[in-house]
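J.: Here it is, the structure in full.
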Amino acid sequence: MNNFEYIAEQLQKVEDAADVDDRIAVYRELRKLGINDFLGTLWRMPAMEYPRISGILPSMASIDVQSSWTGSSGPILMNQSVSFARAATFNYAEITGSSLKGKKILDFGCGYGRLLRAFAYFSDDVHGVDPWTESIRICHEAGLKDNVSISDYLPTSLPVPVNFDFVFAFSVFTHLSERATKQSLSTIRQHMRSGAVLCITVRPIEYWRAVYRDKTEAFFEAVEHAHRSVGFAFVPHHRDAIDGDITYGDTSMTIDYLLSIATDFKLASVDRSGDDEMQRYVYLKAI
């Protein structure tokens, strides 16, 4: 990641400013750089040349964690993250007529917190939940503690406030069983105000042949038939069952199917980024 002179000047200014002494204050100064350089700064933490800032900001997850959890790392993954955040703020504004700035935001399935960092550009009121204890451990170890909490795999409630303005679940519903999908949508809605926006990513039918390249034609015919006929295809991973249900695997679904089960939402818009083509963004407005 390039360390342009204008970035270095701003970081040194923040490093030397004794009154910029907490994370909210540092974020406020870093936002002056724009979202790409804001996230680029967080991505490189800790940085030995900025010891005071590094002690205030969260440390970024290791390259190994980035790669194994999200399939890419470094600048490629950072640019994918910025691309999603830009799409989110554009679509939120189109749907609501309002900016994401200062809004109450929830990352449902936050993992190690890469998108928590991106959405901190818009607001100081960003929360994250994840059912995997390792996700929460890594977040807390990195310094993402106050607003990051463990949730259930089949949640009936979430350990976060209600009345969120924007909730997103990036690459979460692409892995959930049908039962977990329905229960998660219902529970998320309980924590959103009317008129709030939920963005989830779903996989198109093309996902199966693009990724499961070692499977037989019979496998592809089965999952594609499920996708087209039911609107939902799920291949569970080798995981322990939760209340009799293997909640995690690989999933594709149609928007029509999603709308048939998301009864407390209406479709607001759809989008996709060429940086991550198997993630289709679906924006739902809470009613």
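J.: Looking at the range 167-262, which chymotrypsin sites (Phe, Trp or Tyr not before Pro) are DSSP coil and have at most 15 other C-beta atoms within 10 Å of their C-beta?
T.: Hits after loop and neighbour filter: 212.
J.: Among 205, 188, 24, rank each residue by its count of other Cβ atoms within 10 Å, from fewest to most, as a rough exposure measure.
T.: 24, 205, 188
J.: At what distance in angstrom do the alpha carbon centres of the range 201-253 and the range 4-30 lie from each other?
T.: After rounding, the separation between the Cα centres reads 46 Å.
J.: What percent antiparallel are the DSSP beta bridges of the chain, to the nearest 5?
T.: In the chain, DSSP labels about 55 percent of beta bridges as antiparallel.
J.: So what are the ³J(HN,Hα) numbers for the range 268-274, from phi and the Karplus equation (6.51, -1.76, 1.60; θ = phi - 60°), rounded to whole Hz, Gly and Pro as x?
T.: Result, rounded to whole Hz: 10, 6, 10, 7, 6, 10, x.
J.: Related question: How far is helix 133-142 tilted off the main Cα axis of the chain, in degrees rounded to 10, range 0 to 90?
T.: Long axis of 133-142 versus the principal axis of the chain: about 10 degrees.
J.: A further question follows. Give the dimensionless ratio obtained when the Cα radius of gyration of the chain is divided by 2.2 N^0.38 Å.
T.: 1.02
J.: Too long at a 31 Å Cα-Cα cut-off: which of 13/103; 101/145; 13/104; 32/182; 103/266; 13/285?
T.: Checking Cα-Cα distances, 32/182; 13/285 exceed 31 Å.
J.: What is the local net charge at residue 203, summed over the other residues whose Cβ is closer than 13 Å to its Cβ (Lys, Arg +1; Asp, Glu -1)?
T.: -2
Where a number appears in this text, it was derived from the coordinates with a stated rule and is not lab data. Predicted, not measured: the structure shown is a model, and the values here were computed from it. Quick reminder, even Gly has a Cβ in these numbers, built from the backbone with ideal geometry, and neighbours come from all protein chains shown.
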